[in-house]
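Each reported figure results from applying straightforward, stated rules to the coordinates on display, with no laboratory input. Note that the structure is a prediction, hence the values are computed from the model and not measured. Every residue, glycine among them, receives a Cβ derived from its backbone with ideal geometry; neighbour counts consider all protein chains shown.
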Amino acid sequence: MSDDAVEAAAREVGERLFADRGHYRLDMLRQMDPGFAGLFEAWCYGGLYVRGVLDDRVRELCAVAALIPVNRPSVIETHLKAALRCGATREEVLEVIFQSAVYAGMPDCLSTLDQFKRLEEAGEFGGLGPSYQV
């Protein structure tokens with residue numbers, strides 16, 4: 001894939017999964033270091049995310065699970081919203097968080113549940129996924 005095709009694929013994935021946050025991330029990286037931005041686009045959004053082995057819903061549920069034990073609330077928020085945007089239900093996202101207690105530990109599970117509840121109560125999930133259609 002040419003550099004232009006990779007960048008185009010990365011921008012499409014960023015918009016589809018992460019909306020404004022995807023544009024922000026790609027533009028921020030380009031502004032900070034175009035070389036690193038190209039690596040990120042080729043590896044992540046324009047690479048793994050376009051392989052077609054996992055659908056976006058499953059990939060984002062996996063991302064949520066992987067992020068819980070590393071305690072990155074802003075990144076978890078982005079991927080919680082992306083999972084819902086990709087069609088995951090509230091119950092599926094919660095089940096992933098519950099399952100994290102077994103592998104990541106109860107404190108990480110509870111912290112993520114607190115974050116989920118705050119986002120939900122603040123209306124941050126409105127219009128995302130089948131459980132939050134207005």
| request: For segment 24-76 and segment 85-134, compute the distance between their C-alpha centroids and round to whole Å. | output: 19 Å
| remark: Distribution output for the chain: share of Cα-Cα pairs per 10 Å bin in percent, first bin at 0, values 13, 41, 32, 14, 1
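As a test of the formula, what do you get for the chain when each DSSP H run with n ≥ 4 contributes -39,500 (n - 2.57) and the sum is divided by the residue count, at 222 nm and rounded to the nearest 500 deg cm²/dmol?
On the way: 7 runs with 94 residues, N = 134.
Taking each H run of at least 4 residues, the total per residue is -22500 deg cm²/dmol.
Suppose every Lys and Arg Cβ carries +1 and every Asp and Glu Cβ carries -1, with no other charges. What dipole size does the chain come out with about its Cα centre, to the nearest 20 debye? The partial results should precede the final answer.
Working: 14 positive and 21 negative charges, 27 e Å.
In total the dipole reaches around 120 debye.
Report the full-extension gain for the segment Arg51 to Val102: residue separation times 0.36 nm, less the Cα-Cα distance, to one decimal in nm. Kindly include the intermediate steps, with their values, before the conclusion.
Numbers: separation 51, 0.36 × 51 = 18.36 nm, distance 2.94 nm.
Roughly 15.4 nm would be gained on extension.
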| In nm, spacing of pseudo-spin labels at Glu95 and Gln133 (7 Å Cα→C-beta vector) | 2.0 nm
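Give me the compactness ratio for segment 56-125, meaning the Cα radius of gyration over 2.2 N^0.38 Å. Mind dumping the intermediate values first?
Values: Rg = 10.6 Å, N = 70, 2.2 N^0.38 = 11.1 Å.
That ratio works out to 0.96.
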| query | Each residue of segment 10-24 in order: what ³J(HN,Hα) in whole Hz does its phi give by Karplus 6.51 cos²θ - 1.76 cosθ + 1.60, θ = phi - 60°, with x for Gly and Pro? | reply | 4, 5, 5, 5, x, 6, 5, 8, 10, 6, 4, 5, x, 4, 4
| note | Under the Karplus relation with 6.51, -1.76 and 1.60 and θ = phi - 60°, whole-Hz ³J(HN,Hα) for segment 100-108, x at Gly and Pro, equal 4, 4, 5, 9, 9, x, 5, x, 5
